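Since the structure comes first, as structure tokens, the remarks are kept for the end.
Nothing in this text is a laboratory measurement; each read-out follows from the coordinates by a stated rule. Source: prediction; values computed, not measured. We place every Cβ from the backbone using ideal geometry, glycine too, and count neighbours over all the protein chains shown.
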Amino acid sequence: MCGRFTQYYTWSEVHAFLSLLGAPQNLRPHYNIAPTDKVDVVRLDREGRRELVTMRWGLVPYFWKKTLKGVPATFNARAESVAEKPMFREAFKRRRCIIPASGFFEWTGGKGDKQPHLFTAADDSPILALAGLWEKWRDPATGEDVLSCTIIVTGASAWMTPYHDRMPVLLEPKDFDVWLDGSLGPEVLKPASEAALREWPISPRINRTGVGDDDPTIIEPLEHV
């Protein structure tokens with residue numbers, strides 16, 4: 001699974017990496033993103049151009065009839081079932097996105113002794129392109145339109161297995177267009193190459209979210225903390 005991640009790239013970095021349209025944005029860095037937080041998402045606009053928009057992390061399907069608080073944990077979608085599962089099926093067909101991430105977190109160890117680890121691009125790229133889906137849902141109570149997204153996860157690579165048995169699907173630049181326009185099938189939803197990522201342990205302070213727990217020091221290697 002992918003239950004926490006980071007977005008601390010600059011506008012120039014994400015603009016160049018994902019060929020975005022639009023004027024420069026003043027992006028606020030986030031070092032400890034948790035489900036239901038607002039995140040940056042890249043999707044196609046009506047003219048088929050890539051745009052950066054803000055969405056809720058945790059997909060709300062368009063047909064959802066209950067309250068927003070009643071939505072189940074949909075911040076991840078499993079690659080093996082995403083094309084058929086009712087929660088994600090229509091979004092997989094029609095509303096795909098790329099979620100730019102500076103890195104993501106996983107934990108090792110037992111209960112009460114969990115060690116967090118940060119995973120970033122091994123080639124020093126400031127951005128990982130995570131395969132995602134998005135939806136627009138109208139809150140029946142308020143009439144407000146809510147944009148939301150999910151990260152697709154697959155089985156772990158051999159390199160990743162010591163840390164977790166799942167990992168987010170990482171897209172390569174050659175697949176960006178065909179992923180976003182829906183022409184690429186589920187065959188791309190596979191583990192990243194063994195050399196795609198690097199890792200370092202970080203402070204257990206990441207285990208909390210809230211004021212004071214979203215600053216640059218939280219991602220420093222443990223020996224530097």
- Once amide H atoms are built 1.01 Å from N in the peptide plane, which residues 5 or more positions from ARG138, or in another chain, come under 5 Å H to H? VAL146
- Query: Of PHE104, ALA91, PRO204, whose Cα points farthest to the positive end of the dipole of the range 89-225 (charges on the beta-carbon: +1 Lys, Arg; -1 Asp, Glu; origin at the Cα centre)?
  - Reply: ALA91
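Out of all Cα-Cα pairs in the chain, roughly what percent, to the nearest whole number, are more than 30 Å apart? The partial results should precede the final answer.
Working: 5168 of 25200 pairs.
Within the chain, distances greater than 30 Å cover 21 percent of Cα pairs.
Relative contact order for the chain: what percent, with Cα pairs under 8 Å and sequence separation of 6 or more?
On the way: 482 pairs, mean separation 51.7, N = 225.
Relative contact order here is 23 percent.
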- Under 23 Å between alpha carbons - lysine pairs in the range 5-224 that sit 8 or more apart or on different chains: 18
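Based on the Cβ-Cβ distance of ASN26 and THR209, what FRET efficiency does E = 1/(1 + (r/R0)^6) give at R0 = 25 Å, to the nearest 0.05? Show your work: numbers first, answer last.
Values: r = 23 Å, r/R0 = 0.92.
Here the calculated transfer efficiency is 0.65.
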- Cα-centred dipole magnitude for the chain, charges only on beta-carbon of K, R (+1) and D, E (-1), debye, nearest 20: 960 debye
- Message: Can you work out the Karplus-derived ³J(HN,Hα) for every residue in the range 18-24? Use 6.51 cos²θ - 1.76 cosθ + 1.60 with θ = phi - 60°, whole Hz, and x for glycine or proline.
- Response: 10, 6, 7, 9, x, 6, x
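Roughly how many debye, to the nearest 20, is the charge dipole of the range 1-109 about its Cα centre, given +1 on each Lys and Arg Cβ, -1 on each Asp and Glu Cβ, and no other charges? Intermediate values should be presented prior to the final figure.
Numbers: 18 positive and 10 negative charges, 108 e Å.
About 520 debye.
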- Query: Of the residues ASP165, ASP215, ASP124, which exhibits the maximal mean-square fluctuation in a Gaussian network model of the chain defined by a 10 Å Cα contact cut-off?
  - Reply: ASP124
- Dipole of the chain, positive end: most advanced residue of TRP137, VAL42, SER81 [Cβ charges, Cα centre]: TRP137
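Can you work out the FRET efficiency for the pair TYR62 and THR36, with r the C-beta to C-beta distance and R0 = 22 Å, to the nearest 0.05? List each step's numbers first, then the result.
Numbers: r = 18 Å, r/R0 = 0.83.
It comes out at approximately 0.75.
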- Note on the structure: Listed residues ALA91, ALA101, ALA23; largest mean-square fluctuation, Gaussian network over the chain with Cα springs below 10 Å, found at ALA23
- Task: Could you work out how far the C-alpha centroid of the range 1-56 sits from that of the range 151-198, in angstrom?
- Result: 18 Å
